[in-house]
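Peer 1: Before we start, here is the structure in question, set down as structure tokens.
The values are calculated or read from the model by the stated rules, or taken from the named source; none is laboratory data. Quick caveat: nothing in here was measured; it's all calculated off a predicted structure. FYI the Cβ positions are ideal-geometry reconstructions off the backbone, even for glycines, and counts take in every protein chain you see.
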Amino acid sequence: MQEAREIVEALKRGTLLRGRYRIEKVIGEGAMGAVYLARDEHLVGASWAVKVLHEVDLPSESRAEAVALFHREADMCARLRHPGLPEVVDFFSENGKHALVMRRVEGDTLEALLDRKGRPFTEAELLPLLIQLCSCLRHLHEMWPHPIIFRDVKPSNCMVTAGGRLVLIDFGIARYYKPCRKSDTIIIGTPGFCAPEQYGTTQTEPRSDIYALGAMAWHLLSGGDPAAHGFSLPPLRAVAPHASPEMEAVVARCVAFSETDRYPSAAELLEDLLWVRSQSAGRGGSPLPVAAGAVRGRRTSRVRAPANRLLSGGAMLPAPTASVAFSPVRTTSVSARCECIDATFLSDWARRTFRVWWGQGSVHPLRVLSLLFVTMLLAGLAHIGLEVTQSDPPPTPASSQALQRSLSSYGASSTGNVVAKPCRDVSSRARGAHAPERRGCDANGQSRVRLGSARRRVIFTDVRKP
């Protein structure tokens, strides 16, 4: 916090960055720098959120590492295209300062809302926000070619606008997932919300963010501190009696100690959250609607119960009977339509691979190449099918003699299976000359026709009586 205070003092009100962004006030602080509200001197009336990192305020032993993380954050945010993720408009470095310019999000964090309420969130209040957060994580985890692991899901990094839209902020410690790694290079996170593997046992992966989402849901619904219980959080209904059994089962699976016991993907977690929301509406509850554009998918969807959805006591949850209504949003990604793939047909690895290839909503070169390859393969098979025909049997001696007699009556001669006949065109009758240029004639003015099977009706082109 002392470092953040020094950074705040370094940029006074009215400081001009890059000759364009004039600092107005501080709107946030963090371990990687401070966030300012800046007025745009080039665009009248425009204001931005500028995150600034000061090299001189960082310890010399960690300065290079902090700058590298800041540049990686800028690279990640520049690739993001989601209504629940920050939008970067500029990035620059000057005079030992590194600045990341983003579109300003006006609202309060979930931590500030919890303090303002003075009580825990109800399930109806929190479910729409969890659904939006899960949609953000799904987008990050399905980025191509390297998924993004946020690693710092907590209430203070979730901004909620006045319209109820949730935005995930602060990608300071986010990283790219690389399957070849055995552990993270930098061990960092927030106690109580980070998964056990985030302490250096194994590499963080999408299921690490799912753990943090479950711990945050437990904290907001109960009001308790997850750091006080380590990695053994009490059952949700033991500390929040107002929560439903379905919600308790979802949170328990999210915060499982073993990675294999958690949800394998954010897409499956999103499916269960939508199902819990439908059950809440079926019991007469009135959950808040999801903010428009927060979840990319179809307007209506029948949510099914996965085969492994269990209550904490071991009982199977009932099958859903109600459909979930989405707010009218434009479908911009194919990944939402991939949720209908059942686990009985494809394994989880195949499902995630399919979403990675076709779930980005943009034209990737590998997708175009794969489509061209399939098209060429089908065209080749069709061409081969046209050429593969049943071979004709050789003509019998009797049929050859009969055909020879028929040809001799026309004044034609036959050699093997090739018939030669003087070829004439219309003008040859007037000139009395042959026309070897006519189509179907050879250089000697002969019309050559290859014989087929004796069972076929042989058609001779340009063979007339003399």
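Peer 1: Answer yes if at least one residue in segment 69-78 is touching a Lys or Arg at 6+ places or on another chain (Cβ under 8 Å) and modelled with pLDDT of 95 or more, and no otherwise.
Peer 2: no
Peer 1: Return a yes/no flag: does segment 66-85 have any residue that is farther than 28 Å from Tyr21 by Cβ and not polar (S, T, N, Q).
Peer 2: Let us first name the residues in segment 66-85 that are farther than 28 Å from Tyr21 by Cβ, namely none.
There is no residue in segment 66-85 that is farther than 28 Å from Tyr21 by Cβ and not polar (S, T, N, Q).
Yes/no matrix, rows are residues, columns are (1) in contact with an Asp or Glu (Cβ under 8 Å, 6 or more places away or on another chain); (2) not in a helix (DSSP H, G or I):
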residue	(1), (2)
Ala64	no, no
Val67	yes, no
Pro83	no, yes
Pro86	no, yes
Leu114	no, no
Leu127	no, no
Leu140	yes, no
Pro145	no, yes
Arg151	yes, yes
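Peer 1: If a residue has to be outside any helix (DSSP H, G or I) and in contact with a strand residue (DSSP E or B) (Cβ under 7 Å, 6 or more places away or on another chain) to count, how many in segment 203-223 make the cut?
Peer 2: Pass one, segment 203-223, residues outside any helix (DSSP H, G or I): 203-205, 223.
Next, only the ones that are in contact with a strand residue (DSSP E or B) (Cβ under 7 Å, 6 or more places away or on another chain) stay: 204-205.
Residues that pass the stated criteria total 2.
Peer 1: Return yes or no: is Cys134 buried (at least 20 other Cβ atoms within 10 Å of the Cβ) and part of a loop (DSSP other than H, G, I, E, B)?
Peer 2: No.
Peer 1: Going residue by residue through segment 18-34, is there one that turns out to be modelled with pLDDT under 90 and more than 21 Å from Glu106 (Cβ to Cβ)?
Peer 2: Yes, some residue in segment 18-34 is modelled with pLDDT under 90 and more than 21 Å from Glu106 (Cβ to Cβ).
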